[in-house]
Amino acid sequence: MLNQFSRTQLLIGEEALDTLRASRVAIFGIGGVGGYVCEALARSGVGSFDLIDDDKICLTNLNRQLIATRKTIGKYKTEVMKERILEINPDAQVHIHNCFFLPENAHTFDFGRYSYVVDAVDTVTAKIQIIMQAKDCGVPVISSMGAGNKMDPTRFEVADIYETSVDPLARVMRRDLKKRGVKKLKVVYSKEKAIRPLEDMSISCREHCVCPPGTQRTCTQRRDIPGSTAFVPSVAGLIIGGEVVKDLIGWE
């Protein structure tokens with residue numbers, strides 16, 4: 001019967017769609033990358049989501065984040081993304097967690113419930129914890145490396161973490177994961193060398209913070225505030241979404 005996933009079914013078949021419908025995917029970080037992961041998975045027919053992020057939509061998110069509009073500024077990213085997923089697929093199950101994932105609260109997440117885990121956060125401590133917890137539970141995981149301060153979306157590649165180059169975040173991750181005995185990890189990374197952002201205090205978040213009231217982790221807490229565009233993190237997110245779908249259905 002004709003339905004919203006019919007065009008996808010023409011490529012992967014009914015059994016694969018049933019597999020996606022029965023899958024539960026956790027996306028850690030609903031920002032420039034993670035938002036597009038959610039979008040791709042919702043439109044592909046994934047049936048259940050866990051959305052983890054403590055951030056609220058900010059004015060400066062409008063240049064790149066799928067769910068950021070003037071109407072959504074100040075709202076939790078998880079709640080806005082949940083609404084969007086359900087508008088795409090009302091039958092989806094969406095569980096939201098308005099928190100920042102850290103070792104301190106990691107025990108509250110049962111990774112054994114997940115069919116797949118997406119790491120789209122931007123701090124090494126959280127990324128390592130997500131990856132280790134997924135590995136301990138035998139759950140497939142894919143991790144996003146750096147997407148900020150870059151202009152060329154064609155430079156992204158899917159690779160094992162130990163085959164990456166250029167990306168500084170990947171270098172740190174390789175070292176830390178090797179110490180922990182992790183043998184492999186699928187990542188999406190860019191071979192483009194990062195651009196140094198302009199030092200323009202007239203548009204600096206440090207001088208003119210516009211984070212919504214109640215935001216626990218503002219941009220001003222970061223050592224560097226990266227520049228970004230609409231067309232780089234989105235591509236990384238769509239690539240990750242595609243990898244998740246193909247892995248879930250066993251597509252070669």
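Have a look at Phe111, Ala170, Phe231 and report the one farthest towards the positive end of the charge dipole of region 12-249, computed about the Cα centre with Cβ charges (Lys/Arg +1, Asp/Glu -1).
Positive-end residue among those listed: Ala170.
Here are a few candidate values for Cα extents along the principal axes in Å: (1) 58, 57, 33; (2) 57, 44, 38; (3) 56, 52, 43. Which one was actually calculated from the structure I just gave you?
Checked against the structure: label (2).
Determine which residues of region 12-29 fall in the zone a paramagnetic label at Cys137 would reach in this model, i.e. backbone nitrogen under 13 Å from the point 7 Å along Cα→Cβ.
What the label zone holds, given the 13 Å backbone N cut-off, is 24-28.
Under the 0.36 nm per residue contour assumption, what length would be gained going from the current alpha-carbon distance of Glu87 and Val166 to full extension? Mind dumping the intermediate values first?
Numbers: separation 79, 0.36 × 79 = 28.44 nm, distance 3.92 nm.
Taking 0.36 nm per residue and subtracting the Cα distance, the gain is 24.5 nm.
Scan the chain and note any complete DSSP helix (H) whose C-alpha atoms cover at least 24 Å along its axis and whose Kyte-Doolittle average is 0.0 or more. Intermediate results must be reported in sequence, preceding the final value.
Working: long enough: 233-249 (25 Å, 1.24).
Those that clear 24 Å and a mean of 0.0 are 233-249.
Which value in deg cm²/dmol, rounded to the nearest 500, describes the helix-derived mean residue ellipticity at 222 nm for the chain, given -39,500 (n - 2.57) per DSSP H run of n ≥ 4 and division by the residue count? Walk me through the numbers before you get to the answer.
Numbers: 7 runs with 81 residues, N = 252.
It lands at -10000 deg cm²/dmol.
So, in nm, how far is label Lys184 from label Leu11 when the simple model puts each one 7 Å beyond its Cα toward the Cβ?
Distance between the two pseudo-spin positions: 2.4 nm.
Where both residues lie in the chain, what percent of DSSP beta bridges are antiparallel, nearest 5? Don't skip to the answer; put the middle values down first.
Details: 6 of 26 bridges.
Roughly 25 percent of the beta bridges in the chain run antiparallel, per DSSP.
Need the full-extension length gain, Lys71 to Asp247, defined as separation in residues times 0.36 nm minus the C-alpha distance. One decimal, nm. Don't skip to the answer; put the middle values down first.
On the way: separation 176, 0.36 × 176 = 63.36 nm, distance 3.54 nm.
Full extension of this stretch gives 59.8 nm more.
Count of lysine pairs in region 28-179 with Cα atoms under 26 Å apart, counting only pairs 8 or more residues apart in sequence or on different chains?
Qualifying lysine pairs in region 28-179: 17.
Calculate the spin-label point distance for Arg175 paired with Ala106, positioning each point 7 Å from the Cα along the beta-carbon direction, and give it in nanometres.
About 1.9 nm, to one decimal.
In debye, nearest 20, what is the charge dipole magnitude of the chain about its Cα centre with +1 on Lys and Arg Cβ and -1 on Asp and Glu Cβ, if you could check? Before the final figure, lay out the partial values.
Details: 34 positive and 31 negative charges, 125 e Å.
Once rounded to the nearest 20, the dipole reads 600 debye.
FYI, it's all coordinate maths here, none of it is from the lab. Here the structure is a predicted model, which means the values were calculated and not measured. Virtual Cβ from ideal backbone geometry, glycine too; neighbours counted across all protein chains shown.
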